[in-house]
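See structure below.
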Amino acid sequence: MRKTEASKPYPVRGNKRGKDRPSLDATAVHQFYDWLLVHSKFALFCLIAGVLALAWFARSLQIDASPDTLVNENDPDIQYARRISERYNIQDFLIIAYVPEEDLLSPAVLSDIARLKNEISTLKHVESVVTLLDVPLLESPPVPIRELANGLPTILSPEVDLSLAGKELSASPLYRNLLVSPELTTTAIQINLPIDMQYREMMARRDVMSEKAMAGKLSPSETTELASLEQKILAKRKDFKERNKTLIADIRGIMARYKKDADLFLGGIDMIANDLILFIRNDLKVFGAGVFIFLLVVLGVFFRSIRWVAVPMMCCFFSVIAMAGLLGLFGWKVTVISSNFISLQLILTMSLSIHLVVQYREEERLYPELAHRELIIRTMQKKLIPCLYATLTTIAGFGSLLLCDIKPVITFGWMMVGGLVVSMVFTFLFFPTALSLLKKAPPPPASGGGSFMTKLTAHLTEFHGRLIIIIGILALLLSIIGICRLSVENAFVNYFKKSTEIYQGMRVIDQELGGTTPFDVVLNFPQSDNGASDRDAKPADDAEGFDMFSEFEEEDHAGKYWFTPYKVEKILAVHDYLESIPEIGKVQSLGTLLKVARQLNKNRPLDSFELSVIYNELPEKYRKMLVDPYVSVDHNQARLSVRIVDTSESLRRDQLIRRMEKEIPARFSFNPADVQVTGMLVLYNNVLQSLFDSQIMTLGFVLIALIIMFLVLFRSLRVSMIAVFPNLLSVSVVLGVLGWLNLPLDMMTITIASISIGIAVDDTIHYIHRFKEEYDAGGDYPGAMRRCHNSIGYAMYYTSVAIIMGFSILALSNFIPTISFGLLTGLAMLVALLSAMTLLPTMIIMLRPFGPEQMDISR
């Protein structure tokens with residue numbers, strides 16, 4: 001049977017097969033691998049011994065899902081937020097959303113809540129538990145302001161009317177959407193955790209020293225102290241993590257005993273961090289095992305040989321173990337963002353291994369007379385340069401993450417850069433040594449499983465090149481339009497599957513108990529507001545009330561003169577403004593208490609005497625609950641604690657923050673510098689905005705790095721520009737799909753562009769490198785294209801399918817951003833494969849960057 005051009009073995013250096021058998025040049029690469037294979041057993045022993053040594057350190061691999069992993073440590077907003085938290089003694093806490101089957105205020109339910117509270121209160125590391133049984137009731141029946149000092153009833157007090165209590169709880173600004181839902185179907189049980197003052201002092205000291213370090217003013221002794229502080233802080237956080245793990249498990253054990261008569265959902269930042277650690281640990285196991293098993297199956301289907309399954313899988317397994325050991329050795333922690341590093345490294349190592357397998361099988365098919373060792377050396381020689389540059393471009397993609405300001409993203413970038421270096425070095429050492437210990441296998445058949453795909457794309461490229469170019473341009477234009485629609489907004493609750501307790505608890509709290517993501521609005525009053533401006537702002541009759549402060553006992557009430565109608569009206573006005581914003585849920589401030597007090601005062605404004613009563617005569621227990629968290633007399637400052645309704649479809653975090661920063665000073669006559677919006681909402685928004693802004697920079701960095709590498713590798717600007725376009729198209733399509741589907745970018749999908757272009761460019765490098773060889777051998781572009789599709793096309797097909805299907809394993813995660821990352825990166829790889837097999841060769845044939853066709857030379 002006559003061979004077609006597509007099935008002919010490719011000539012080498014212009015020689016036809018059989019005329020001049022390729023010789024093994026005495027190059028440095030040849031000499032190295034010749035030495036390596038001579039000492040293959042010793043080399044293999046050293047490699048395995050090194051992996052086993054690193055495996056010992058892999059046991060120390062740590063996981064961190066604390067809120068600090070989602071913020072920028074150098075963000076000045078985080079230091080301010082910590083100061084506010086310390087100033088107002090803001091405690092960490094857990095929340096139980098309690099949804100009883102019976103009426104919330106029925107004796108049985110109240111009894112259950114009391115027993116639940118008592119059981120939780122006995123747990124170690126629980127400072128206090130606050131329920132609807134503990135809060136003061138001011139309207140059941142109404143308590144005159146002047147009698148506040150006489151003690152306040154609770155729902156368990158004999159004189160309390162339960163029907164009035166129900167109305168007060170559901171309507172009172174103190175408790176509605178905070179302690180109970182408006183319909184009295186859900187109540188919150190707040191579990192306060194103790195404040196570690198030593199930890200706060202260490203954090204404050206570290207922040208001060210970090211600022212000095214950034215300014216370059218840190219002395220050698222302070223540098224040593226800062227390093228010591230960092231270690232102590234890490235040790236504290238480790239203790240907190242273990243404490244919370246035990247505490248949350250104990251709380252859930254108690255909750256389980258009450259689920260017969262009620263639905264209970266645990267919430268809170270510490271619970272989310274704890275569960276995220278469980279998710280990450282589960283993802284590491286599932287992704288690692290899932291990808292490993294899947295690649296095992298894929299290799300078996302593709303090559304149908306035990307050796308071509310065992311050797312690549314050992315390359316993958318040992319590379320991952322080695323990298324995990326290095327992470328444990330250097331103390332790098334796995335976070336939510338880097339939780340898929342094992343699956344990524346498995347996939348990328350497999351890509352290298354498949355290229356080596358395909359190249360060896362091709363060499364064996366073309367030159368069956370060569371010895372086994374010579375075939376291995378030829379394989380390593382031919383694939384070293386393209387695989388090296390392909391790895392470097394992938395490193396450039398992950399390395400671009402180092403330009404970000406977010407520490408976990410930077411760490412993820414370093415982890416993958418290190419992982420790629422480990423994979424490249426280990427694969428190019430282990431693969432030839434392990435293979436050399438096996439006997440030479442029979443030559444493989446002339447075609448593989450990718451035959452239909454490669455032949456189809458070759459046919460389309462040769463006969464429908466213009467159509468491919470038109471489709472590519474249209475896809476790029478549509479993608480650009482989609483990219484213009486991108487946003488970085490997303491509800492944190494939607495990061496989790498609906499079956500998880502995190503989702504269920506956060507959704508109940510978000511919709512029934514006033515929102516989830518917290519933030520603060522801090523109002524700084526000018527010092528003059530303690531003097532002339534207050535007196536000028538008050539009516540004349542208030543002056544008399546103001547003088548009545550002298551009637552109080554001479555106690556150390558430094559703040560009694562601070563509570564003036566002027567400040568109170570300012571706080572109430574800002575409070576009402578915040579409540580008017582649809583995306584905002586519960587607002588708590590001094591104004592919350594004052595609204596209730598005004599109702600008790602027959603809806604009349606409070607005079608100075610009555611304000612003083614609230615501050616001075618309110619029992620200390622309730623003052624700490626209702627006043628102290630919202631006023632700092634020493635700093636002439638008021639704090640409004642606010643929560644966002646994360647599930648609000650109209651929520652735009654950045655716009656909301658900018659709106660508040662602009663409108664509060666303008667509407668209420670504050671100096672803009674005296675109004676600060678701070679807290680988790682701001683810090684999280686800063687992360688998203690920073691990632692979004694840096695995305696352009698990192699993508700630009702990757703493109704420039706790719707062009708430089710292409711110039712070094714191919715020594716042609718035209719070839720370099722041709723190589724960039726298909727990869728740019730694949731990333732543009734993915735980002736465009738996100739925009740057209742109105743899917744917001746999040747902390748993981750926002751890194752897709754740089755990572756995908758770094759991975760996808762591998763096919764481009766391998767294809768162009770092989771195309772140039774084929775062109776040099778035959779001198780015609782269409783023939784070179786067909787031979788490339790029939791050779792390197794198989795490797796591209798195999799590796800791309802392995803990568804796409806490998807990333808699809810991430811869909812098993814409980815963390816939605818990880819699922820999106822896996823599926824979208826798989827889509828990027830699919831587009832990259834199609835572009836590399838159609839658009840790239842079409843552009844090469846049309847632009848002829850390697851010179852004229854052979855027929856043109858003859859003319």
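Would you mind finding the one in Leu681, Leu729, Leu741 that is farther than 30 Å from His575 by Cα and touching a residue at least 40 places away in the same chain (Cβ under 8 Å)?
Details: Leu681 fails: farther than 30 Å from His575 by Cα; Leu741 fails: touching a residue at least 40 places away in the same chain (Cβ under 8 Å).
Result of the check over Leu681, Leu729, Leu741: Leu729.
Which members of region 257-271 meet the condition of being within 19 Å of the chain's Cα centre (by Cα) and either in a strand (DSSP E or B) or buried (at least 19 other Cβ atoms within 10 Å of the Cβ) (or both)? Give the steps one after another, and end with the answer.
Going through region 257-271, the residues within 19 Å of the chain's Cα centre (by Cα) turn out to be 268-271.
Once the filter is applied, which keeps residues that are within 19 Å of the chain's Cα centre (by Cα) and either in a strand (DSSP E or B) or buried (at least 19 other Cβ atoms within 10 Å of the Cβ) (or both), region 257-271 yields Gly268, Asp270, Met271.
Step by step: first the residues of region 486-520, then only those that are aliphatic (A, V, I, L, M) and in contact with a Ser or Thr (Cβ under 8 Å, 6 or more places away or on another chain), then the one that is modelled with the lowest pLDDT. Which residue is that?
First, the residues of region 486-520 that are aliphatic (A, V, I, L, M): 486, 488, 491, 493, 502, 506, 508-509, 513.
From what is left, the residues that are in contact with a Ser or Thr (Cβ under 8 Å, 6 or more places away or on another chain) are 491, 493, 506, 508-509, 513.
Details: Ala491: 70, Val493: 77, Met506: 84, Val508: 88, Ile509: 88, Leu513: 89.
So the residue we want is Ala491.
Just a yes or no: is a residue in region 738-761 open to solvent by 10 Å² or more (accessible area, probe 1.4 Å) and over 30 Å from Glu649 (Cβ atoms)? Outline the logic, then answer.
We begin by selecting, within region 738-761, every residue open to solvent by 10 Å² or more (accessible area, probe 1.4 Å); these are 740-744.
When the remaining residues are screened for being over 30 Å from Glu649 (Cβ atoms), the result is none.
No, the conditions are met nowhere in region 738-761.
So the check is Cβ under 6 Å with 6+ separation or different chains; which pairs have a first residue in region 122-143 that's among the β-branched types (Val, Ile, Thr) and a second one that's open to solvent by 30 Å² or more (accessible area, probe 1.4 Å)?
Within 6 Å, the pairs are Val129/Lys117; Val129/Ser121; Val130/Gln190; Thr131/Lys117.
Go through region 83-132 residue by residue and tally those that are assigned to a strand (DSSP E or B) and in contact with a Ser or Thr (Cβ under 7 Å, 6 or more places away or on another chain). Don't jump to the end; show me each part of the working.
Here is the first cut: in region 83-132, the residues assigned to a strand (DSSP E or B) are 93-100, 128-130.
If we keep only those that are in contact with a Ser or Thr (Cβ under 7 Å, 6 or more places away or on another chain) as well, we get 97-99, 129.
Selection size over region 83-132: 4.
Mind listing just one residue for me: the one in region 624-650 that is part of a loop (DSSP other than H, G, I, E, B) and of a type in the set (Asp, Glu) and, of those, nearest to the chain's Cα centre (by Cα)? Outline the logic, then answer.
Residues of region 624-650 part of a loop (DSSP other than H, G, I, E, B): 627, 633-636, 645-650.
Filter once more, keeping what is of a type in the set (Asp, Glu): 634, 646, 649.
On the way: Asp634: 39, Asp646: 17, Glu649: 21 Å.
Among them, the one singled out is Asp646.
For region 633-659: of the residues being of a type in the set (S, T, N, Q) and touching a Ser or Thr at 6+ places or on another chain (Cβ under 9 Å), which is farthest from Tyr88 (Cα to Cα)?
First pass over region 633-659, keeping only residues of a type in the set (S, T, N, Q): 636-637, 641, 647-648, 650, 655.
With the extra rule that they be touching a Ser or Thr at 6+ places or on another chain (Cβ under 9 Å), the set shrinks to 641, 647.
Numbers: Ser641: 11, Thr647: 28 Å.
Looking at the filtered set, the residue picked out is Thr647.
For region 644-673, give me each residue that is touching a Phe, Trp or Tyr at 6+ places or on another chain (Cβ under 8 Å) and open to solvent by 40 Å² or more (accessible area, probe 1.4 Å).
Glu663, Arg667 - these are the residues of region 644-673 that are touching a Phe, Trp or Tyr at 6+ places or on another chain (Cβ under 8 Å) and open to solvent by 40 Å² or more (accessible area, probe 1.4 Å).
Scan region 805-814 and tell me whether some residue there is among the β-branched types (Val, Ile, Thr), out of contact with any strand residue (DSSP E or B) (no Cβ under 8 Å at 6 or more places or on another chain), surrounded by fewer than 22 Cβ atoms within 10 Å (Cβ to Cβ) and within 21 Å of Ser353 (Cβ to Cβ). Walk me through how you get there before you give the answer.
From region 805-814, those among the β-branched types (Val, Ile, Thr) are 809; that's our starting set.
From the residues that got through so far, the ones that are out of contact with any strand residue (DSSP E or B) (no Cβ under 8 Å at 6 or more places or on another chain) too are 809.
Okay, now just the ones that are also surrounded by fewer than 22 Cβ atoms within 10 Å (Cβ to Cβ), so none.
Checked region 805-814: no residue is among the β-branched types (Val, Ile, Thr), out of contact with any strand residue (DSSP E or B) (no Cβ under 8 Å at 6 or more places or on another chain), surrounded by fewer than 22 Cβ atoms within 10 Å (Cβ to Cβ) and within 21 Å of Ser353 (Cβ to Cβ).
Here is a list: Ile759, Ile722. Which entry is touching a Gly at 6+ places or on another chain (Cβ under 7 Å), in contact (Cβ under 8 Å) with a residue 40 or more places away in the chain and assigned to a helix (DSSP H, G or I)?
Values: Ile722 fails: touching a Gly at 6+ places or on another chain (Cβ under 7 Å).
Only one candidate passes the filter, namely Ile759.
For region 421-432, state whether one or more residues are under 28 Å from Leu834 (Cα atoms), aliphatic (A, V, I, L, M) and touching a residue at least 12 places away in the same chain (Cβ under 8 Å).
Yes.
Tell me the residue from Thr838, Thr825 that is assigned to a helix (DSSP H, G or I), within 29 Å of Arg304 (Cβ to Cβ), modelled with pLDDT of 80 or more and open to solvent by 10 Å² or more (accessible area, probe 1.4 Å), please.
Thr838
For region 466-486, check the following and say yes or no: at least one residue is open to solvent by less than 40 Å² (accessible area, probe 1.4 Å), within 28 Å of Met748 (Cα to Cα) and assigned to a loop (DSSP other than H, G, I, E, B).
yes
Filter region 577-590 down to residues that are touching a residue at least 60 places away in the same chain (Cβ under 8 Å) and part of a helix (DSSP H, G or I) and give me whichever is nearest to the chain's Cα centre (by Cα). Can you show your working first?
Here is the first cut: in region 577-590, the residues touching a residue at least 60 places away in the same chain (Cβ under 8 Å) are 577-578, 581-586, 588.
Then keep just the ones that are part of a helix (DSSP H, G or I); that gives 577-578.
On the way: Tyr577: 33, Leu578: 29 Å.
Among residues in region 577-590 that are touching a residue at least 60 places away in the same chain (Cβ under 8 Å) and part of a helix (DSSP H, G or I), the one nearest to the chain's Cα centre (by Cα) is Leu578.
Which of the residues belonging to region 103-118 are open to solvent by 50 Å² or more (accessible area, probe 1.4 Å) and within 11 Å of Thr186 (Cα to Cα)?
Asp103
Take the residues in region 487-516 that are in a loop (DSSP other than H, G, I, E, B), of a type outside the set (D, E, K, R) and in contact with a helix residue (DSSP H, G or I) (Cβ under 7 Å, 6 or more places away or on another chain), then tell me which one is farthest from Val180 (Cα to Cα).
So the first thing to find is which residues in region 487-516 are in a loop (DSSP other than H, G, I, E, B), and the list is 487-491, 497-500, 513-516.
Checking which are of a type outside the set (D, E, K, R) leaves us with 487-488, 490-491, 499-500, 513-516.
Filter once more, keeping what is in contact with a helix residue (DSSP H, G or I) (Cβ under 7 Å, 6 or more places away or on another chain): 488, 516.
Working: Val488: 32, Thr516: 15 Å.
So, considering only residues that are in a loop (DSSP other than H, G, I, E, B), of a type outside the set (D, E, K, R) and in contact with a helix residue (DSSP H, G or I) (Cβ under 7 Å, 6 or more places away or on another chain), the one farthest from Val180 (Cα to Cα) is Val488.
I want to confirm something. Restricting to region 277-294 and keeping residues that are open to solvent by less than 50 Å² (accessible area, probe 1.4 Å) and of a type in the set (Phe, Trp, Tyr), which single residue is modelled with the lowest pLDDT?
Phe287
Among (1) surrounded by 16 or more Cβ atoms within 10 Å (Cβ to Cβ); (2) among the polar types (S, T, N, Q); (3) not in a helix (DSSP H, G or I), which single condition is Asn274 missing?
Tallying (1) surrounded by 16 or more Cβ atoms within 10 Å (Cβ to Cβ); (2) among the polar types (S, T, N, Q); (3) not in a helix (DSSP H, G or I), Asn274 fails exactly one: (3).
Exactly one of these conditions fails for Ile480: (1) of a type in the set (A, V, I, L, M, F, W, C); (2) within 30 Å of Ser732 (Cα to Cα); (3) free of Cβ contacts under 8 Å to residues at least 60 places away in the same chain. Give me its number.
Here Ile480 meets the rest and fails (3).
Looking at (1) of a type outside the set (D, E, K, R); (2) modelled with pLDDT of 85 or more; (3) closer than 30 Å to Met197 by Cα; (4) open to solvent by 40 Å² or more (accessible area, probe 1.4 Å), which one does Leu247 not meet, given that it meets all the others?
Leu247 satisfies all of (1) of a type outside the set (D, E, K, R); (2) modelled with pLDDT of 85 or more; (3) closer than 30 Å to Met197 by Cα; (4) open to solvent by 40 Å² or more (accessible area, probe 1.4 Å) except (4).
For region 296-415, list the helices (runs of 4 or more DSSP H) that sit wholly inside it and hold at least 1 residues that are under 25 Å from Asp34 (Cα atoms), open to solvent by 10 Å² or more (accessible area, probe 1.4 Å) and touching a strand residue (DSSP E or B) at 6+ places or on another chain (Cβ under 6 Å); which are they?
Working: elements: 306-330, 341-366, 372-399.
Ranges flagged: none.
Are there any pairs, at least 6 apart or on different chains, whose C-beta atoms fall under 8 Å, with the first in region 233-249 and of a type in the set (A, V, I, L, M) and the second open to solvent by 50 Å² or more (accessible area, probe 1.4 Å), and if so, which?
Pairs found: Leu247/Lys124; Leu247/His125.
Counting just the residues of region 179-232 that are part of a helix (DSSP H, G or I), hydrophobic (A, V, I, L, M, F, W, C) and over 30 Å from Val130 (Cα atoms), which one comes out most open to solvent (accessible area, probe 1.4 Å)? Before the answer, list the steps.
First pass over region 179-232, keeping only residues part of a helix (DSSP H, G or I): 197-214, 220-232.
Restricting the remaining residues to those that are hydrophobic (A, V, I, L, M, F, W, C) gives 197, 202-204, 208-209, 213-214, 226-227, 229.
Keeping just the survivors that are over 30 Å from Val130 (Cα atoms) gives 208-209, 213-214, 226-227, 229.
Details: Val208: 74, Met209: 2, Ala213: 46, Met214: 127, Leu226: 26, Ala227: 55, Leu229: 18 Å².
Only one residue tops the list, namely Met214.
Over 30 Å from Leu683 (Cβ atoms), in contact (Cβ under 8 Å) with a residue 60 or more places away in the chain and out of contact with any strand residue (DSSP E or B) (no Cβ under 8 Å at 6 or more places or on another chain): is that true of Lys439 in this structure? I'd like the intermediate steps shown before the answer.
On the way: over 30 Å from Leu683 (Cβ atoms): yes; in contact (Cβ under 8 Å) with a residue 60 or more places away in the chain: yes; out of contact with any strand residue (DSSP E or B) (no Cβ under 8 Å at 6 or more places or on another chain): yes.
The answer is yes for Lys439.
Quick one: in region 561-587, of everything that is closer than 19 Å to Asn671 by Cα and in contact with a Lys or Arg (Cβ under 7 Å, 6 or more places away or on another chain), which residue is most open to solvent (accessible area, probe 1.4 Å)?
Tyr566
The values are calculated or read from the model by the stated rules, or taken from the named source; none is laboratory data. The model shown is predicted, which means the values in this text are computed figures rather than measured ones. For neighbour counting, all protein chains shown are included, and Cβ atoms are generated from backbone atoms with ideal geometry for every residue, glycine included. Note: areas computed on protein heavy atoms with side chains; ligands, DNA, RNA excluded. Shrake-Rupley method; radii C 1.70, N 1.55, O 1.52, S 1.80 Å.
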